[in-house]
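Q: Got a structure for you, questions after.
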Amino acid sequence: LENIYKRFGYGFEETVSITLEGKEGIEKIAGAMKALRAELLTCKNKAEAQALLGGAPIEAVRDYQASKRYVFTDDGVKEEEIALPVSNVLLYELGGDKGLDWACARPSGTEPKLKIYFGIYGDTREGSAACLADTKAKVEAAVRAKL
């Protein structure tokens with residue numbers, strides 16, 4: 001198995017669940033998702049996008065509720081259509097060593113819970129694990145600040 005990792009790289013995925021209480025919790029989570037979307041729409045380039053999640057590098061964001069993908073460059077933002085069902089999900093494309101890193105935020109449909117999913121891929125186990133820990137800390141802090 002180690003030979004496969006050395007050849008193709010290491011991948012780590014993790015989920016963080018933020019549980020709040022009752023109707024107020026559901027409203028806070030809805031407000032957080034709304035705030036994340038509002039901030040996204042203010043970004044005019046890659047440097048501004050990087051500030052969205054506490055400095056985590058952001059290449060693009062897929063907003064499945066708006067059916068749009070926002071690709072950030074040094075000079076601006078390019079909008080693309082997403083041809084998938086509408087869903088209250090924000091997926092952040094973070095690039096990384098292999099160009100595959102991502103973080104995704106979505107509320108639960110049945111309980112006052114916000115889930116953040118992470119996928120980090122790299123050339124070394126240690127580097128990938130460290131990147132996951134760093135990315136998770138930045139993204140979780142940025143999301144919790146909206147609650």
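Matching residues to (1) part of a strand (DSSP E or B); (2) free of Cβ contacts under 8 Å to residues at least 12 places away in the same chain; (3) surrounded by fewer than 19 Cβ atoms within 10 Å (Cβ to Cβ); (4) of a type in the set (Ser, Thr, Tyr):
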{"residue": "Lys44", "(1), (2), (3), (4)": "no, no, yes, no"}
{"residue": "Ala47", "(1), (2), (3), (4)": "no, no, yes, no"}
{"residue": "Ile58", "(1), (2), (3), (4)": "no, no, no, no"}
{"residue": "Ala66", "(1), (2), (3), (4)": "no, no, yes, no"}
{"residue": "Arg69", "(1), (2), (3), (4)": "yes, no, yes, no"}
{"residue": "Asp74", "(1), (2), (3), (4)": "no, no, yes, no"}
{"residue": "Lys78", "(1), (2), (3), (4)": "yes, yes, yes, no"}
{"residue": "Ala83", "(1), (2), (3), (4)": "no, no, yes, no"}
{"residue": "Tyr92", "(1), (2), (3), (4)": "yes, no, no, yes"}
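Q: Can you name every residue in the stretch 110-128 that is acidic (Asp, Glu) and modelled with pLDDT of 95 or more?
A: Across the stretch 110-128, the qualifying residue is only Glu126.
Q: Which ones in the stretch 1-40 are over 17 Å from Pro107 (Cα atoms) and surrounded by 12 or more Cβ atoms within 10 Å (Cβ to Cβ)? So that I can check it myself, show each step before the final result.
A: Kept after step one, since they are over 17 Å from Pro107 (Cα atoms), are these residues of the stretch 1-40: 1-13, 39-40.
Residues satisfying the conditions are Tyr5, Lys6, Gly9, Tyr10, Gly11, Phe12, Glu39, Leu40.
The values are calculated or read from the model by the stated rules, or taken from the named source; none is laboratory data. Being a predicted model, the structure only gives us computed values, none of them experimental. Using ideal geometry, Cβ is built from the backbone for each residue, glycine included, and neighbour counts are taken over all protein chains shown.
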